[in-house]
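The values are calculated or read from the model by the stated rules, or taken from the named source; none is laboratory data. Note that the coordinates shown come from a computational prediction; the quantities given were computed from them, not determined experimentally. FYI the Cβ positions are ideal-geometry reconstructions off the backbone, even for glycines, and counts take in every protein chain you see.
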Amino acid sequence: MAASASMGMECDPLQSESAESLLGVSYGSVSSPKLASSEAGGRSSREVADLPDLTERLKEAGIYGEYSAYRNRYMRWRKGGARGAVGELTASALAESGDPNRFEYWYPTASVFKWHFTSAYWIAIFYLLGAFLFTFANGMAFFNGPGGYLMLHWLNFIGSIFFGLAAYMAYLQLINMGAEEEGHRRYLFPNCEELSEHVVASSVIGTVSYFLGAVLFSVGAVCMFGTFESLTARVCLIALPNFLGSTGFFIGGISEVIHNRLFRGGATPADLVWWTTLANAAGDTMFFMGSLPDLFLAGTDSPFKDSWVSLNYSLGSFMFILSAILMLAMWRVNDFGLTLLKQLNLAIRATGYIGLARSVGAKATQEYIGLRIDLPEDKEYGDDDRRLSARGAMFIVIYTWFAFVGIVNTTSKHIWYESLEGTHLLQHFLDLGMQLFTLCVIGLVLVVHSVITELPDEEPYYFALMASRFALVYGAIVQTCIMVTFICGPWDPASVARALLP
């Protein structure tokens with residue numbers, strides 16, 4: 001069983017009264033808690049064994065957390081762990097204490113917790129989707145079918161957009177460290193004085209480098225659509241932005257290694273952040289190595305140079321896929337600081353398991369949303385089924401893959417339409433519309449999973465979630481087969497039309 005805490009909301013006294021009436025318990029600041037039924041005298045062992053299990057009733061009433069907290073306090077009191085009160089222990093008081101090792105210092109309100117919870121999720125999703133696109137695009141560098149090079153440019157461009165979104169979300173997390181309310185959110189420029197009190201230099205340098213690198217890489221991806229006769233123009237508009245963007249990634253990777261003290265007594269291979277940082281640093285280094293030939297050997301026309309560039313970008317993107325999946329695993333265990341804000345990870349790890357919980361008051365219309373904190377000392381009474389399971393995280397990766405192949409197929413169909421003769425405009429428009437509809441559905445599913453982190457037990461919600469998993473996995477398989485078909489032997493509407501002629 002786990003201790004329950006609620007932050008950022010009003011407390012309804014009726015909810016406490018319902019707990020007492022259901023459990024028959026009394027809370028007192030002086031006398032030890034006791035069961036009201038003990039006044040009836042001793043009971044036989046058989047009568048005690050016949051008592052009903054009220055666990056499900058407590059959960060339905062929304063007071064199971066209160067009972068767990070009471071039971072844990074009572075068990076500590078029985079073991080002699082009670083201490084005299086020294087002051088009111090509230091979230092605001094703990095936040096104002098200035099202790100950076102406490103959960104309440106970094107998460108003073110429920111809105112701050114939800115902000116970091118959601119930001120970390122979308123950072124991982126956007127990085128994973130961008131890495132899928134980069135890996136596929138650079139693997140298609142030598143594809144000779146219709147529109148092969150255009151496919152490379154389009155997917156690089158779309159991948160750079162998702163990388164930019166992920167880097168911007170990480171930047172938002174950085175500049176809002178210390179902001180306690182939603183109205184105080186910053187979206188571009190930080191409060192430098194406040195920022196210096198909450199983060200270290202490696203966090204700032206790494207996050208800003210990733211953000212600027214993603215922006216510069218997007219510039220090079222856009223300019224790849226142009227046809228430049230001048231070598232100088234190609235170098236200045238494509239090679240140089242790619243080099244500067246990759247340099248930003250490289251600096252970000254070094255900052256992650258320094259921030260997490262990978263080889264200096266900090267994170268160890270037993271920690272997820274160790275592997276995530278290592279994968280990021282490897283991918284950043286490969287991107288940097290891949291950007292060098294186009295800038296410093298721009299006038300050289302060599303197959304080896306092209307192979308070097310494509311190989312490094314492909315391997316670097318694959319390392320980003322691994323790091324993004326590990327980021328999703330970090331989010332699953334509440335390491336919302338990911339690789340550059342380890343203070344958020346340490347605060348939650350010192351406090352225990354944190355989650356969003358819904359409580360129902362004595363009246364059916366009274367509902368409350370708050371934080372549920374499972375303290376480390378209460379682990380023997382707790383269960384871990386409230387966290388997103390590893391299988392649930394795997395399904396999120398599959399949904400992201402589904403979105404990736406949907407984007408690839410949408411791009412491929414548009415390129416083939418422009419490259420081939422005899423295609424029908426209306427049919428092409430409807431085909432793209434169906435692809436966009438599929439992408440919207442996947443996006444909505446990913447949004448739902450950003451707030452639902454546990455499999456519901458009640459019907460029909462359990463069936464709905466399981467059915468959606470089956471449907472989306474089926475769709476991912478079909479879309480993947482379509483993508484493979486386009487690569488191996490694209491459908492040529494013109495040849496079909498000629499075959500139908502009399």
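Observations on the structure shown:
- Any hit, the stretch 264-272, residues being more than 17 Å from residue 163 (Cα to Cα), acidic (Asp, Glu) and not in a helix (DSSP H, G or I): yes
- Of the set (1) modelled with pLDDT under 85; (2) surrounded by fewer than 23 Cβ atoms within 10 Å (Cβ to Cβ), all apply to residue 341 but (2).
- Among the residues of the stretch 456-485, those that are in contact with a Phe, Trp or Tyr (Cβ under 7 Å, 6 or more places away or on another chain) and farther than 16 Å from residue 413 by Cβ comprise 456, 469, 472, 475, 476.
- In the stretch 234-273, the residues that are more than 17 Å from residue 292 (Cα to Cα) and of a type in the set (A, V, I, L, M, F, W, C): 254, 257, 258, 262, 263, 267, 270, 272, 273
- Test result for residue 271, in the same structural domain as residue 220 (by TED's automatic domain parsing) and either touching an Asp or Glu at 6+ places or on another chain (Cβ under 8 Å) or modelled with pLDDT of 90 or more (or both): no
- With respect to being at pLDDT 65 or above and more than 26 Å from residue 161 (Cβ to Cβ), residue 366 falls outside the description.
- Restricting the stretch 471-492 to residues that are aromatic (Phe, Trp, Tyr) and in a helix (DSSP H, G or I), the residue that is modelled with the lowest pLDDT: 486
- Flag not set for residue 273, criterion: touching a helix residue (DSSP H, G or I) at 6+ places or on another chain (Cβ under 9 Å) and surrounded by fewer than 19 Cβ atoms within 10 Å (Cβ to Cβ).
- The stretch 131-163 - residue that is crowded, with 21+ Cβ neighbours inside 10 Å and closer than 12 Å to residue 217 by Cβ and, of those, modelled with the lowest pLDDT: 156
- In the set 391, 358, only one residue is at pLDDT below 55 and under 26 Å from residue 465 (Cβ atoms); that residue is 358.
- Of the numbered criteria (1) over 12 Å from the mean Cα position of the chain (by Cα); (2) part of a helix (DSSP H, G or I), the one residue 328 fails is (1).
- For the condition in the same structural domain as residue 135 (by TED's automatic domain parsing), within 16 Å of residue 313 (Cβ to Cβ) and of a type in the set (Val, Ile, Thr), residue 285 qualifies.
- Among the residues making up the stretch 178-216, a single one is of a type in the set (A, V, I, L, M, F, W, C) and within 18 Å of the chain's Cα centre (by Cα): 211.
- Conditions (1) assigned to a helix (DSSP H, G or I); (2) within 23 Å of residue 217 (Cα to Cα): number failed by residue 338: (1)
- Selection over the stretch 169-217 of residues that are closer than 19 Å to residue 336 by Cα, hydroxyl-bearing (Ser, Thr, Tyr) and either surrounded by fewer than 18 Cβ atoms within 10 Å (Cβ to Cβ) or free of Cβ contacts under 8 Å to residues at least 40 places away in the same chain (or both) gives a count of 1.
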